[in-house]
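Peer 1: One structure, as structure tokens, below. Some questions next.
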Ligand SMILES: Cc1cc2nc3c(=O)[nH]c(=O)nc-3n(C[C@H](O)[C@H](O)[C@H](O)COP(=O)(O)OP(=O)(O)OC[C@H]3O[C@@H](n4cnc5c(N)ncnc54)[C@H](O)[C@@H]3O)c2cc1C
């Protein structure tokens, strides 16, 4: 007979692991199943050859008062993972339209924000500074009801109401690319403004002691402490549904029964592959099929024998590199920017214990399509590598080993491909117009006992933070439904 649980959570990503820990803490007998050998999904931390690191650049926002802190507190283990609010400096490099390059070094703490340095970086004249400041102030002070009303408007549309120069548009475009991994013309203004307001209040640039993914590991330990089980290297092959209700799952490690299944495997893979579309109405299946995921980040892990980069986070952008719909189409057609947008995170700048032998690991990426079969990935990576070596020429001698990753690697580590141009996305379902706010899919699937958790439903905010926000909200939904019978 199959082992029986109160709830099965498929996936120990930030969303699945946080939801499972909260359900277990509330007394449910929970089983977590993940196909990987380490919890954390897209934000897992590895330890190899004297380095602790994520597979790609991962740093969180907000810095203070995050859902991660709240979940640890609710689990009764507030200090189990140290929250590292940013003390280190970040670097912003902008190539202006005239070819000159500006650099600004600052901290991610809100109290250290220096608008004058940003104005200088973006080459703004006096009138332009005033208009850029008006835009910024309107965004920062927008009341919640007005923010919520902007689900159907892109942030590009909001910015177009102001007479700001291209450099300001590029700055916001770069910011949206890094935080939401979509273009300025795609991100819903509601979601972007809500997140930006949070960053302005609480800072951005949080990391976790021992590595970002240690948080998911702590959530899984909490499941076990509360009497649940966590099985790694266990791939769910099928969600069993009978008479419109969930009965359990079949995995490559056996079958398990439960009346509740919470899936962190992505709404498209869950509905179209794991549960099977025959269990849903045709309009629902069509809606799920039509959802468009976020774009991807592809790049390199550079392992160096000495510290080369002084900053925790570094971003380099230009008017020609931030991504929007037209530029994405160009990239997909093989017309690549000479100097791609570059995002770099150095884990040991946050936690020095992550580079034990005096070396440094730099995680570098650029934005592109989530299609695991993207034909120009190698050419784009070559340009990214050249740009990295131009920005930090000392890396030439220091680099001992380079590992590359593409959308195909992201997909095989996290979610299966269920529709065309999907699989390697960074965030999951993108926070784009028509797909978030009141248009976001319901975390309750139209099958009794089936829920989605993670970046496809139930949460708001930046990447990993959205996943945990979903974990909190979906745990609440499950408990409410269970109490209601
Ligand atoms: C390159 C890159 C850079 C990023 N940078 C940042 C950043 O700087 N800051 C930030 O906040 N966010 C960043 N993100 C996004 C962030 O990592 C994700 O938004 C977040 O981690 C997603 O969490 P999740 O819970 O939704 O799902 P995931 O992390 O996708 O976890 C899903 C889990 O489900 C498991 N799973 C899937 N299918 C099955 C199955 N059939 N059986 C068993 N297990 C299964 C997977 O193994 C995985 O562990 C980045 C993502 C990428 C890819």
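Laboratory data are not the source of any read-out in this text; all were calculated from the coordinates shown. All figures in this text were calculated on a predicted structure; none of them were measured in a lab. No Cβ is skipped: glycine too gets one built from the backbone with ideal geometry, and neighbour counts run over all protein chains shown.
Peer 1: Taking the Cα-to-Cβ direction at residue 310 and at residue 82 and moving 7 Å from each Cα, how far apart do the two end points lie in nm?
Peer 2: 2.3
Peer 1: Whole-Å semi-axes of region 274-331's equivalent ellipsoid, largest first, each the root of 5 times a Cα gyration tensor eigenvalue?
Peer 2: So the three semi-axes of region 274-331 are 40, 19, 9 Å.
Peer 1: Cα centroids of region 88-166 and region 297-324: how far apart, whole angstrom?
Peer 2: Using only Cα atoms to place each centre, the spacing works out to 21 Å.
Peer 1: Averaging over every viewing direction, what projected area does the convex hull of the Cα atoms of region 114-202 cover, in nm²?
Peer 2: Average of the hull's projected areas for region 114-202 equals 5.4 nm².
Peer 1: In a solvent-free Debye calculation with one equal scatterer on each Cα, what is log10 I(q)/I(0) for region 354-406 at q = 0.19 Å⁻¹, listed in the order of the q values?
Peer 2: Those come out to -0.75, one per q.
Peer 1: Fully extended, how many nm does the chain gain between residue 98 and residue 140 (0.36 nm per residue separation, minus their Cα-Cα distance)?
Peer 2: 12.1 nm
Peer 1: Please report, in whole Å, how far the alpha carbons of the chain spread along each principal axis, starting with the longest.
Peer 2: 70, 51, 43
Peer 1: Determine, for 112, 198, 243, 305, the number of other Cβ atoms within 10 Å of each Cβ, and report the residues in order from fewest to most.
Peer 2: So the residues, fewest neighbours to most, are 243, 112, 305, 198.
Peer 1: A further question on this structure: Can you give me the angle between helix 14-25 and the longest principal axis of the chain, using Cα atoms only, in degrees from 0 to 90, rounded to the nearest 10?
Peer 2: Taking the Cα atoms of the chain, the angle to 14-25 is about 40 degrees.
Peer 1: May I ask for the angle, rounded to the nearest 10°, between helix 166-180 and the longest principal axis of the chain, with both axes built from Cα atoms and the value confined to 0 to 90°?
Peer 2: The angle comes out near 20 degrees.
Peer 1: How tilted is helix 463-484 with respect to the longest principal axis of the chain? Cα atoms for both, answer in degrees (0 to 90, nearest 10).
Peer 2: 30
Peer 1: Ranking 129, 181 by Cβ neighbours within 10 Å, fewest first, what do you get?
Peer 2: Ordered from fewest to most neighbouring Cβ atoms within 10 Å, 129, 181 come out as 129, 181.
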